[in-house]
Structure formats: structure tokens, C-alpha cells
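Following: one structure in C-alpha cells, then a few remarks.
The values are calculated or read from the model by the stated rules, or taken from the named source; none is laboratory data. From a predicted model like this one, the values you see are computed outputs, not experimental measurements. Cβ placement follows ideal geometry from the backbone for every residue including glycine, while neighbour counts extend to all protein chains displayed.
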Amino acid sequence: MGWQRISLALAERRAKGQFRQRRVTDQGNARLLQVDGRRYLNFSANDYLGLSHHPQVITAWQQGAERYGVGAGGSGHVTGYSVPHQEFEHQLADWLGYPRALLFISGFAANQAVIGAMLAKDDRLFADKLAHASLLEAASLSPATLRRFAHNQPASLAKLLAGKEGEGETLVVTEGVFSMDGDSAPLAKLHQLTHQHHGWLMVDDAHGIGTVGEEGRGSCWQQQVKPELLVVTFGKAFGLSGAAVLCSEEIADYLLQFARHLIYSTAMPPAQACALQAALTCVRQGDELRQRLQQNIQQFRQGAAECGLKTLASTTAIQPLIVGDEVRALELAENLREQGCWVTAIRPPTVPPGTARLRITLSAAHLPADIQRLLEVLDDAKG
């Protein structure tokens, strides 16, 4: 049969111990997960504020479904753009201080759409080496010249920006909080360098929005930076799914004309937009939740240090424990599950070779006793 490369690719992935499998969960939330009838403490979710099960958010979705149904029925360019979509876009733009916001079905789609629509052959694109796969894939597929600067190193970016290749526009791309390392980008310096070379900055703040900054406005607000393009997603602190691009009036109009992911995809359900409006209210009023999250982060980091665990310099909800060896990372994850703690092992190619890790994520929903239990299990497992 043809397509032999598919069989070869699967065989290679299995041989390297990198074969991915999905696990079916019975039910779960930011704190607890049930798999095959057994309950675990959940330290793998990105539901940083615990809003996926918030009563106001659930009620808003139910009421939206009763009024608008459970699907949009078409692209926003046809009949899928409803009053809840418009209202939520206006609320987001006002909250984050931008003229416009455009909703997308996912953060992956938003990043692909922006880079795919905006960059041309003679343009230059500079991306952090550890930027999310959606950004790097879009960059590699675009006709622009792609250069990757050393992770969170403005000096590396400055050196690349000084190059002369390309006569078009310049776009610099980074994350606000990095999904695998949990560290924050030096946005002010990156923004300054970008503007010195007459470029634009694009920030994907999927893991910062809702968790940091005044009212949870995210990394850019916290660092007093306003990038030309800001992508925020709703599958983390908002507790739902989807994404939005914050930008100028002109760029919004341009994306509405040329962003294929926006034009040719069915819009998110109006009921979801209703739930997102409720989630935004919870985020804006969520200082207590953010304080609880920070307390959980501090408890974990202090306990990890006392146990001699090798953590990265992250002060966010993402707390990676670097293991190095892929097999050992998988063994540790399985050991933790046996002890009732669900923690995911992350391996290459998702992370660089030699940096396999346990990616621990914390939530405001976790109790101090949950954190203590995790630390005890980790301390036992390391030996």
C-alpha cells in the first residue's frame, strides 16, 4: 500500500517513546479528575481560576442556549455573528484598551490567521525559540523570512533585527507567559527593540490573561506594554475555549477581509459568547481568586525548595519540574498517579531534547492540603 511514510512515522514515534495517547476522563474540574472510576487530585488543567465550573458561567451558557440554540449555524460572514458575539467583543476591547476585538474559535486559529493574513514575501518575522507551536507553525508556513531569537533574550533579538535581509515589514512574536516553562517574557524591552526597527509586536498571552495584572488584564498590562497585536485565549483562566485578537480598527477590518480561519469557520456558539461574558465578569472581580492562586504557587515553590526539587524560575501557575530523561519522566508521572495525583509528563518534541519534565499546573481551586499532598508524593517519588 502507499503512504508508507505514515507507518514509518508512527513506528519512529513509538520507538522513541514519544507516542501520544488520549485519556478518557469520566469527569473533572480544576481540582479533581476522575479516570476509570478513580479520583485524582488534578495538577494538569489550565483552569487557573477554577471558572469552568463557576455557577454564573454555567447559568449564562444555559440561558444563552435556551435563547440562541447550541450552535452559530455558520461563519460570522454569513449568519453566525450574533448579538452576544458583538457584545463580548466590545467588552473585551474596552477592558483591554484596544479599538477592536475579533473572536476566533481557538487560540491556534487566531495565531495562524493573523500571521497567515498579515505577512508577505519580503517581510521579516522574529519569534522566540520557545514560542507556542501555533505561532511557530504559522511562521514557518508564511512567506516571510523567519528568524528565531534565543528564549527571552532581548540581546539576541537585537542582533537579528540589525540584519538587512527583507525590505518589507517586521513582526516580532512572543508569549506573555510561556506554556511549558511558565516564565514571563521581558515585554517592555522587546517592545522597545521592535519599535526601534519600525516593527510591530505580537503577544500571545494565553497563560497570562486572567491571572496577572489589574483585574487580570494580563502580562502586557502588568508590564505597561501595548503591543500592536494581542492574542488572548479563553481555555485557561476563563475556563472555556476560544480566543480573541485585540488590535486597531484598520487591522480588524483587514482580518475580516483576509483571515481565512475567521472567514471560513463556523463561529463559536452564541451561548458560549454569553458564558464568556459571565466569565469576564468573574475574571474582573477575581482578585480573591488570583490571591488564592498566588498563595498556592508560593506554597508549592517553598515546599519544592525544601524537598530539593528542581523547579524552573516560574512564579506563575505553570510549575515545571525538569527530569531530563523521557522514560524517567513517564515513570514519575505514573508513580504520582498511583498515589492519587494526576500530573502530565511532557517530552520532546513538545519541549527541547533533554528537558523532559512534569508540567505541574496550579489553580485557585486547589486547597492547601492538596498542595501538601502533591509535595509529599513528589518527595517520595524522587528517591
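If the condition is being modelled with pLDDT of 95 or more and under 27 Å from PHE19 (Cα atoms), then the stretch 300-319 contributes ALA317, ILE318, GLN319.
From the list LEU309, LEU293, LEU262, the lone residue that is in the same structural domain as LEU375 (by TED's automatic domain parsing) and crowded, with 23+ Cβ neighbours inside 10 Å is LEU293.
Within the stretch 92-103, can one find any residue that is of a type in the set (A, V, I, L, M, F, W, C) and under 30 Å from LEU160 (Cβ atoms)? It would help to see each step written out before you state the result.
Step one: list which residues in the stretch 92-103 are of a type in the set (A, V, I, L, M, F, W, C), which gives 92-93, 95-96, 101-103.
With under 30 Å from LEU160 (Cβ atoms) added as a condition, the list becomes 96, 102.
The answer is yes, given that some residue of the stretch 92-103 is of a type in the set (A, V, I, L, M, F, W, C) and under 30 Å from LEU160 (Cβ atoms).
Within the stretch 100-114, residues that are farther than 16 Å from TYR254 by Cβ sit with their Cβ atoms under 7 Å from residues that are polar (S, T, N, Q) and part of a strand (DSSP E or B), at 6+ positions apart or across chains, in these pairs: GLY107/THR233. On the stretch given as the stretch 331-383, residues that are in contact with a Lys or Arg (Cβ under 8 Å, 6 or more places away or on another chain), farther than 23 Å from LEU293 by Cβ and among the β-branched types (Val, Ile, Thr) total 1.
Could you pull out the residue among GLY71, GLY116, GLY97, GLY107 that is closer than 24 Å to VAL343 by Cβ, under 25 Å from the mean Cα position of the chain (by Cα) and in the same structural domain as GLU175 (by TED's automatic domain parsing)?
Details: GLY71 fails: closer than 24 Å to VAL343 by Cβ; GLY116 fails: closer than 24 Å to VAL343 by Cβ; GLY97 fails: closer than 24 Å to VAL343 by Cβ.
Unique residue meeting the criteria: GLY107.
Every condition in (1) touching a residue at least 12 places away in the same chain (Cβ under 8 Å); (2) part of a helix (DSSP H, G or I) holds for SER156 except the one numbered (1). Taken over the stretch 1-58, the residue count meeting the criterion of being assigned to a helix (DSSP H, G or I), among the aliphatic types (A, V, I, L, M) and loosely packed, with under 15 Cβ neighbours inside 10 Å is 6. Residue count for the stretch 56-111 satisfying the condition of being under 22 Å from TYR264 (Cα atoms) and among the charged types (D, E, K, R): 3. Among the residues of the stretch 349-361, are any under 24 Å from ARG14 (Cα atoms), in contact (Cβ under 8 Å) with a residue 12 or more places away in the chain, among the hydroxyl-bearing types (Ser, Thr, Tyr) and not assigned by TED's automatic domain parsing to the domain that holds LEU92? Looking through the stretch 349-361, at least one residue is under 24 Å from ARG14 (Cα atoms), in contact (Cβ under 8 Å) with a residue 12 or more places away in the chain, among the hydroxyl-bearing types (Ser, Thr, Tyr) and not assigned by TED's automatic domain parsing to the domain that holds LEU92.
Could you pull out the residue among GLY107, GLY97 that is at pLDDT 95 or above and at positive phi?
GLY97
For THR194, state whether it is surrounded by 22 or more Cβ atoms within 10 Å (Cβ to Cβ), over 28 Å from ILE297 (Cα atoms) and either basic (Lys, Arg) or touching a helix residue (DSSP H, G or I) at 6+ places or on another chain (Cβ under 9 Å) (or both). If you could, list the steps in order and put the result at the bottom.
Numbers: surrounded by 22 or more Cβ atoms within 10 Å (Cβ to Cβ): yes; over 28 Å from ILE297 (Cα atoms): yes; either basic (Lys, Arg) or touching a helix residue (DSSP H, G or I) at 6+ places or on another chain (Cβ under 9 Å) (or both): yes.
Yes, satisfied.
Across the stretch 68-78, a minimum of one residue is classified as crowded, with 23+ Cβ neighbours inside 10 Å and over 30 Å from GLN291 (Cβ atoms). Assessment of the stretch 73-96 against the conditions (among the aliphatic types (A, V, I, L, M) and without any contact (Cβ under 8 Å) to a residue 60 or more places away in the chain) yields at least one matching residue.
The set of residues in the stretch 196-254 being more than 13 Å from GLY107 (Cα to Cα) and of a type in the set (S, T, N, Q) consists of GLN196, THR211, SER219, GLN222, GLN223, GLN224, SER248. Among all positions in the stretch 188-200, there is no residue which is under 22 Å from the mean Cα position of the chain (by Cα) and in contact (Cβ under 8 Å) with a residue 60 or more places away in the chain. For the stretch 131-168, filtered to residues that are basic (Lys, Arg) and buried (at least 16 other Cβ atoms within 10 Å of the Cβ), the residue that is nearest to SER184 (Cα to Cα) is ARG148.
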